Amino acid sequence: MVLHRSAEITEGVFFYLWVGQGINSSSVVLANALDRPEAHMLVDPGMTYGAMGERPLDSLVQAMSADGLRLEDVGLVFGTHSHPDHFQAVDDVVRRTGAGVALSVPEHEFLTGVEIRSMVLSVRCLPPSRLSCCRRGRSTRSTATDAGWRYSSRPGIPPDAPASICRSRSTGER
């Protein structure tokens, strides 16, 4: 059952609103944002299993499919923060796609600092080789992101706050 409503906000930017009963985040797909065969970036994939028996990740995959997007074409997952309703499905997405994972520095430190924290959040911590920190400037691990992308703070958000990172690229820069 599809429990996401989709809207193409602007060309290649798809917003997936969660409308199920249990908690889950809404998600965003930036279609063809990466210069590689797995060209999509997925922001906040949500939960794998919901408290109400729902399967939010399956719903997201079906909603993406209705928009002509395949989960297998996701090359990078960006987690705004590691709450389960935003981040629980990351491990499943990585297992199914081989995608890299990008997090803000505070979230990266949180997930890699103490193993028990990730277990409490129902998130199995990914190996450090699959995680990328994002700081203002360039990515700290170029293998998880494409060259030419810049990271900067979102306006009005403290620079070290979770979800404070914007990803952009100058016109003509590759």
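The values are calculated or read from the model by the stated rules, or taken from the named source; none is laboratory data. The structure presented is a predicted model; accordingly, all values stated were derived computationally and were not measured. Reconstructed Cβ throughout: ideal geometry from the backbone, glycine too, with neighbour counts over all protein chains shown. Quick note on the areas: whole protein, heavy atoms, side chains included, nothing else; ligands and nucleic acids left out. Shrake-Rupley method; radii C 1.70, N 1.55, O 1.52, S 1.80 Å.
With the structure loaded, tell me whether Met52 is out of contact with any helix residue (DSSP H, G or I) (no Cβ under 9 Å at 6 or more places or on another chain), touching a residue at least 12 places away in the same chain (Cβ under 8 Å) and crowded, with 23+ Cβ neighbours inside 10 Å or whether it fails that test.
No.
Any residue at all in region 40-48 that is more than 27 Å from Glu109 (Cα to Cα), in contact with a His (Cβ under 9 Å, 6 or more places away or on another chain) and either part of a helix (DSSP H, G or I) or without any contact (Cβ under 8 Å) to a residue 60 or more places away in the chain (or both)?
no
Output the residue which, of all residues in region 14-35 that are touching a helix residue (DSSP H, G or I) at 6+ places or on another chain (Cβ under 8 Å) and of a type in the set (Val, Ile, Thr), is surrounded by the most Cβ atoms within 10 Å (Cβ to Cβ).
This residue is Val29.
Failed condition for Phe15, given (1) touching a residue at least 24 places away in the same chain (Cβ under 8 Å); (2) under 15 Å from Ala63 (Cα atoms); (3) assigned to a strand (DSSP E or B), with all others met?
The number of the failed condition is (1).
Which condition number does Gly68 fail, the rest of (1) open to solvent by 50 Å² or more (accessible area, probe 1.4 Å); (2) in contact with an Asp or Glu (Cβ under 9 Å, 6 or more places away or on another chain) being met?
With respect to (1) open to solvent by 50 Å² or more (accessible area, probe 1.4 Å); (2) in contact with an Asp or Glu (Cβ under 9 Å, 6 or more places away or on another chain), Gly68 is out only on (2).
Give the residue, chosen from Ser59, Ser82, that is among the hydroxyl-bearing types (Ser, Thr, Tyr) and not in a helix (DSSP H, G or I).
Result: Ser82 is the single residue among Ser59, Ser82 that is among the hydroxyl-bearing types (Ser, Thr, Tyr) and not in a helix (DSSP H, G or I).
Could you tell me whether Glu11 is at pLDDT 90 or above and open to solvent by 50 Å² or more (accessible area, probe 1.4 Å)?
Judged against the criteria, Glu11 is a match.
So Ala63 passes all but one of these: (1) buried (at least 20 other Cβ atoms within 10 Å of the Cβ); (2) within 18 Å of Gly79 (Cα to Cα). Which condition number does it fail?
(2)
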